[in-house]
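The values are calculated or read from the model by the stated rules, or taken from the named source; none is laboratory data. The structure presented is a predicted model; accordingly, all values stated were derived computationally and were not measured. For neighbour counting, all protein chains shown are included, and Cβ atoms are generated from backbone atoms with ideal geometry for every residue, glycine included. Areas reflect the complete protein model, heavy atoms only, side chains present, ligands, DNA and RNA absent. Shrake-Rupley method; radii C 1.70, N 1.55, O 1.52, S 1.80 Å.
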Amino acid sequence: MSDPGTPERGPLRIGLTGGIASGKSTVARQFAAREVPVIDLDVISRQVVEPGTRGLAAIVEAFGGDVLDASGRLDRAKVRNRVFANPDLRRRLESILHPRILAETVRQCEAAGGPYQVVVIPLLVESGLTSWVDRVLVVDADPEVQVARLVARDGGEEAQARAILAAQASREDRLAAADDVIENSGSMDVLHEAVERLDTAYRVMARTGETRARGIRLP
């Protein structure tokens, strides 16, 4: 994705990212439970292709009507399988989706308010959007843990799970881009405590303007 341009300056923005099945959604829900606005690009990517949207119409025009399911919604699995191994088709899909996703993200950030905001960007490192947020929070997990979670969650094959991991930024690249890190290979209690500590730290940063404070790595 290209940089969408900086929204009107508002609350501190935390870019939340991590590899697939690392626990990003769980962490995001815990921030939301603390009344922190959460803007999730995965959610937005679905909103911009809802039935009746220009995004869905553009995808049907580009890929054909068979990308719709019986209810008229986008069959995301079918589209994903079609573009996964075809760079030209993937770029075509991205040219339709990315401008719409970014425009809606900017709109939601500017409307959300809050003491600070968590913007969930699964491909934050790959997309080059790190400069668009004030701090990067990486949810990290051992790759073997990710593979096991992915197979259990989606019911796929281990080889497919490893291929999906290999197509994303490496663990090393994500950690190199991180200001803050949550290690999420342990219990929910440990994860809950980590989010609580970060919430406290981010509220202080938002209040004082010290956005470049020393990195926090938990647990």
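Dipole of segment 9-68, Cα-centred, from +1 at each Lys and Arg C-beta and -1 at each Asp and Glu C-beta, to the nearest 20 debye? Can you show the working numbers first?
On the way: 7 positive and 6 negative charges, 80 e Å.
For segment 9-68, the charge dipole is close to 380 debye.
Between Val83, Val27, Val120, where does the largest GNM mean-square fluctuation fall for the chain, given springs only between Cα atoms within less than 10 Å?
Val83
Counting only protein heavy atoms, what percent of the accessible surface of segment 63-150 is carbon or sulfur at a 1.4 Å probe?
Numbers: 2180 of 4080 Å².
Exposed carbon and sulfur together represent 53 percent of the surface.
By DSSP, what percent of the beta bridges with both residues in the chain are antiparallel, rounded to the nearest 5?
Details: 1 of 19 bridges.
Bridges in the chain that DSSP calls antiparallel: roughly 5 percent.
Ordering Glu110, Glu50 by how much accessible area each has at a 1.4 Å probe, largest first, what is the list?
Numbers: Glu110 95, Glu50 70 Å².
Solvent-accessible surface, decreasing: Glu110, Glu50.
Could you rank Thr211, Thr200 by how accessible they are, 1.4 Å probe, largest area first? Working shown, then result.
Details: Thr211 40, Thr200 85 Å².
Largest accessible area first, the list is Thr200, Thr211.
Helix-derived [θ] at 222 nm for the chain: sum -39500 (n - 2.57) over DSSP H runs of at least 4, divide by residue count, nearest 500?
On the way: 10 runs with 116 residues, N = 219.
Here the helix-only value at 222 nm equals -16500 deg cm²/dmol.
Which value, in Å², gives the accessible area per residue of the chain when a 1.4 Å probe is used on the protein heavy atoms?
On the way: 11220 Å² over 219 residues.
With all protein chains present, the chain gives 51 Å² per residue.
With a 1.4 Å probe and all protein chains kept in place, how do Phe63, Phe84 rank by accessible area, largest first?
Values: Phe63 25, Phe84 105 Å².
The ordering from most to least exposed comes out as Phe84, Phe63.
Given +1 on the Cβ of Lys and Arg, -1 on the Cβ of Asp and Glu, and no further charges, what dipole in debye does the chain carry about its Cα centre, rounded to the nearest 20?
It works out to roughly 340 debye.
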